[in-house]
Amino acid sequence: MKVKFLPLALCGVLCSGALAFTSCTDERVVRVYAPDGAPALALAQLLAEDETGDGVEYTVTSANKIATFVTGRDPQADVCVLPVNLASTLLGDGSVYQMVGLATHGNMYLLSADPTTYDATSAEGLKGKKIGVVQLGNVPGLTFRSALSRLGVSYSLTGVSADDAYLYAVQPTEVSPLGEADVYLCPEPAASAKIKAFTAQGKPFYTVGDLQTLYGGAEGYPQACVVAKKSFIAGNPAAFDKIIDGLTAGSAFLSTAEISTVCNAVSSHLETGLAATFSTANLTQEVIARCNVRFERSEYCYARVDAFLGELTAIAPNSASAVAPDFYYF
């Protein structure tokens, strides 16, 4: 086998022509993906400051496609925002990707035509109530069940009784003050949009609690995480640090940026044919705050993530998976 060596001067020329934030060992475009909605808001500052030719390509895709970018023989994503439970089942061995932090901490709210509120001290009041849950079989519903168990509130999935909160599945279109349920569990931005629309019609609809504080108080619950390829972290530290800095500054950016700036940042990176979850018609500073976008590095949240995954698997074994220690990037 013949081995050819390039002159050092030529190597330097080649390296200087590489894309920004790339190295001689990895001259690919850095690809970053996030599902539309609250997870995409975590990238809002990076999206707003995105410059053509800087070597980083951002794509906002649909939630049902996000897994395709971190799976397969040669996954496309160098960095990806995706639900914690999905990351645990697909990437939990830590062999290809590591979790660098949490991006969002829950965006689920209790709505009712009755203004009576429910928190950790008054959750007992949910006993005997019919509660329509959007995504009952997925993480929102599983987290709600875990929160009720934590608070000592018994629940049923089979029928109404005075001693249990009755949880049943509903579609977002069924969430209404005129519906059959006493209380609904609904995500943002639909929750705020429904409150505004029904109240304007003279049919008051109230936020009467939220899943975040019922489960974890001010910390919320581990909802979406950020994962990065181990090869990218090691081979392209400049780009990696830039992305982490943008994620860290993201919540401050969201609290001060014009709503139109945030919406344009996300919509300009949407996959072709995808309709944006947020627009200037439904995104407000209140809605942003209720999406709980806050980057938290893995070293500060890994124990809570482990506990959360354990609670999910105890309720529904296939919904999540325990992860290897190497899954977390410190």
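Answer yes or no: is there a residue in the range 131-148 that is part of a loop (DSSP other than H, G, I, E, B), farther than 18 Å from Asn292 by Cα, open to solvent by 20 Å² or more (accessible area, probe 1.4 Å) and of a type in the set (A, V, I, L, M).
Yes.
Of these, Thr173, Thr207, which one is in a strand (DSSP E or B) and either among the hydroxyl-bearing types (Ser, Thr, Tyr) or out of contact with any helix residue (DSSP H, G or I) (no Cβ under 6 Å at 6 or more places or on another chain) (or both)?
Sole residue among the options that is in a strand (DSSP E or B) and either among the hydroxyl-bearing types (Ser, Thr, Tyr) or out of contact with any helix residue (DSSP H, G or I) (no Cβ under 6 Å at 6 or more places or on another chain) (or both): Thr207.
Can you find a residue in the range 285-300 that is open to solvent by 60 Å² or more (accessible area, probe 1.4 Å) and part of a loop (DSSP other than H, G, I, E, B)?
no
If you take the residues in the range 223-239 that are more than 12 Å from Leu86 (Cα to Cα) and open to solvent by 10 Å² or more (accessible area, probe 1.4 Å), which one is nearest to the chain's Cα centre (by Cα)?
Only one residue fits best here, namely Lys229.
Could you tell me whether Tyr184 is surrounded by 22 or more Cβ atoms within 10 Å (Cβ to Cβ) and in a loop (DSSP other than H, G, I, E, B)?
No.
Can you name the residue in the range 242-284 that is farther than 15 Å from Gln45 by Cα and of a type in the set (S, T, N, Q) and, of all such residues, is surrounded by the fewest Cβ atoms within 10 Å (Cβ to Cβ)?
Thr272
As an exercise: evaluate Glu124 against (1) farther than 24 Å from Tyr328 by Cα; (2) assigned to a strand (DSSP E or B); (3) of a type outside the set (Val, Ile, Thr) and give the number of the one condition it does not meet.
Every listed condition holds for Glu124 apart from (2).
Hey, any hits in the range 193-201 for a residue that's open to solvent by less than 50 Å² (accessible area, probe 1.4 Å), outside any helix (DSSP H, G or I) and at pLDDT 95 or above?
Looking through the range 193-201, none of the residues is open to solvent by less than 50 Å² (accessible area, probe 1.4 Å), outside any helix (DSSP H, G or I) and at pLDDT 95 or above.
State which residue pairs qualify: first residue touching a residue at least 24 places away in the same chain (Cβ under 8 Å) and inside the range 46-68, second residue of a type in the set (Ser, Thr, Tyr) in any location, beta carbons under 7 Å apart, and separation of 6 or more residues or different chains.
From the range 46-68, the pairs are Leu46/Tyr58; Leu47/Tyr58; Ala48/Thr261; Asp50/Tyr58; Gly55/Thr22; Thr59/Tyr33; Thr61/Tyr33; Ile66/Tyr33.
For Tyr215, state whether it is at pLDDT 95 or above, assigned to a helix (DSSP H, G or I) and within 14 Å of Met99 (Cβ to Cβ).
no
Is there any pair linking a residue in the range 231-244 that is part of a helix (DSSP H, G or I) and of a type in the set (Ser, Thr, Tyr) to one that is at pLDDT 95 or above and crowded, with 21+ Cβ neighbours inside 10 Å, with Cβ under 9 Å and at least six apart or on different chains, and which?
Ser231/Asp78
Out of Leu167, Leu151, which single residue is under 26 Å from the mean Cα position of the chain (by Cα) and surrounded by fewer than 22 Cβ atoms within 10 Å (Cβ to Cβ)?
Just a single option satisfies the conditions, and that option is Leu151.
I'd like to know if the range 206-222 contains one or more residues that are in contact with a Lys or Arg (Cβ under 6 Å, 6 or more places away or on another chain) and open to solvent by 20 Å² or more (accessible area, probe 1.4 Å).
Checked the range 206-222: no residue is in contact with a Lys or Arg (Cβ under 6 Å, 6 or more places away or on another chain) and open to solvent by 20 Å² or more (accessible area, probe 1.4 Å).
The values are calculated or read from the model by the stated rules, or taken from the named source; none is laboratory data. Nothing here was measured: the structure is a model prediction, and the numbers come from that model. For neighbour counting, all protein chains shown are included, and Cβ atoms are generated from backbone atoms with ideal geometry for every residue, glycine included. Accessible surface is based on the protein model in full, side chains and every heavy atom, while ligands, DNA and RNA are left aside. Shrake-Rupley method; radii C 1.70, N 1.55, O 1.52, S 1.80 Å.
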